[in-house]
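Data first, discussion second: the structure below is written as structure tokens.
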Amino acid sequence: MVSRVCGRPFSSLIRAGCLALGLAAAAVGLGGCAEEAGAPEQRVRRDPNVVLTYAACGLGPAVEAARARFEAENPGKSVEIEVGEPRELVERIREGAVPDLVVLVGDAELARLEREGFLDRTARQQLARYRLAIVAPAGNPADVESAQDLLSARVRAITIAIPGLTSSGTHAKAALERLGVWSGIQAKLTLRETPLEALRAVAAGDAEAAVVYDPCPALWVGAGVAPEAVAVAVVLPTDQRGVAVHVGVHRRSPSALLAQRFMRTLASEQIAAEFTRRPGKPTDEEPAAGE
């Protein structure tokens, strides 16, 4: 089973996450749900033959491919997938949800969950790797050919996801700082809650450039951004450790051994290729994960 909550404003995602947890009340905005942090842990009761997996928006197709393979190879075992915005998934976990696995891009969200004791630090595994790229509207009307071109008067508006709160925004800011253009673009920079919102702005012509992952998982969401509406203008140099798809294990997982088995399927060569496939293209047109 796959459930998806993608493409809505984060405030509504928080409310949806609270309702999904069956909590009595939800706070509006970033406050999260009504359950108090630090409440006594309770034993998680769930079918031990099911692996509940949280996955970031855009990673769903790859995780679904892994689910089909895993269930075919393990009769009687199943995987339930819940797909959502990374920040929404993090807040759900912080407020008491206990998925067995969490699949996210980048480090910021998983690292936070590890620091706060929700995920097992020793069990994290890398599944694939992305590059960072400057994307432009189709046809690249501002002729962006390098990071330095972001300083040009031709580029009137630039957008990225919020640094610090999203891995995408954090990596984008770091790359632009290394390239020496971050301070020079502040007057025309707009921060968005998610990479999908940044892509939407570019596709709509509201920005001449955005910095996102390449290939960008958000293009799989299908929430108002057609893949042909945006194009990669420049691939940026990145720290090879950083922009990766990781899977983490909740330390209270009631199906930890089965979850680790599903992790091996997620990390298989065939599924790794699915993570780096662009919408509408077969896997053999993409570079191998990690290149």
Lone unmet requirement of (1) assigned to a loop (DSSP other than H, G, I, E, B); (2) β-branched (V, I, T); (3) modelled with pLDDT of 75 or more for V247: (1)
Strands (runs of 3 or more DSSP E) within the range 76-137 that include 1 or more residues modelled with pLDDT of 90 or more and closer than 30 Å to D149 by Cα: 131-137
Top-ranked residue in the range 24-65 [being at pLDDT 90 or above and touching an Asp or Glu at 6+ places or on another chain (Cβ under 7 Å); ranked as surrounded by the fewest Cβ atoms within 10 Å (Cβ to Cβ)]: V50
Filter pass, D120 being touching a residue at least 12 places away in the same chain (Cβ under 8 Å) and closer than 27 Å to A226 by Cβ: no
Verdict on G242 being in contact with a Pro (Cβ under 6 Å, 6 or more places away or on another chain) and either surrounded by fewer than 23 Cβ atoms within 10 Å (Cβ to Cβ) or modelled with pLDDT of 95 or more (or both): no
Criterion violated by R115 - all others in (1) crowded, with 18+ Cβ neighbours inside 10 Å; (2) under 28 Å from R192 (Cα atoms); (3) among the charged types (D, E, K, R); (4) more than 16 Å from the chain's Cα centre (by Cα) satisfied: (1)
Subset tally (residues that are farther than 18 Å from H171 by Cα and surrounded by fewer than 17 Cβ atoms within 10 Å (Cβ to Cβ)) for the range 126-150: 5
Where a residue in the range 186-203 is in contact (Cβ under 8 Å) with a residue 12 or more places away in the chain and its partner, wherever it lies, is of a type in the set (K, R), with Cβ under 7 Å and at least six apart: K188/R156; A198/R192; A201/R192
Filter pass, R92 being crowded, with 24+ Cβ neighbours inside 10 Å and not assigned by TED's automatic domain parsing to the domain that holds D206: yes
Subset of the range 172-227 (residues that are part of a loop (DSSP other than H, G, I, E, B), crowded, with 24+ Cβ neighbours inside 10 Å and modelled with pLDDT of 95 or more): A207, E208
The range 156-175 residues that are without any contact (Cβ under 8 Å) to a residue 60 or more places away in the chain, paired with ones that are part of a loop (DSSP other than H, G, I, E, B) and among the acidic types (D, E) (beta carbon under 9 Å, 6 or more apart): R156/E208; A157/D206; A157/E208; I158/E208; T159/D206; A161/E193; I162/E193
Any chance G169 is among the small types (G, A, S) and assigned to a helix (DSSP H, G or I): yes
Looking only at the range 257-278, and only at residues there that are in a helix (DSSP H, G or I) and within 29 Å of A231 (Cα to Cα), the one that is modelled with the highest pLDDT: L266
When residues of the range 54-75 are limited to those that are of a type in the set (G, A, S) and not in a helix (DSSP H, G or I), the one nearest to the chain's Cα centre (by Cα): A56
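Which one of E73, E85, E64 is more than 12 Å from F262 (Cα to Cα) and in the same structural domain as A272 (by TED's automatic domain parsing)?
Of E73, E85, E64, the one residue that is more than 12 Å from F262 (Cα to Cα) and in the same structural domain as A272 (by TED's automatic domain parsing) is E85.
The values are calculated or read from the model by the stated rules, or taken from the named source; none is laboratory data. Quick caveat: nothing in here was measured; it's all calculated off a predicted structure. Cβ coordinates were reconstructed from backbone atoms using ideal geometry, including for glycine residues, and neighbour counts include every protein chain displayed.
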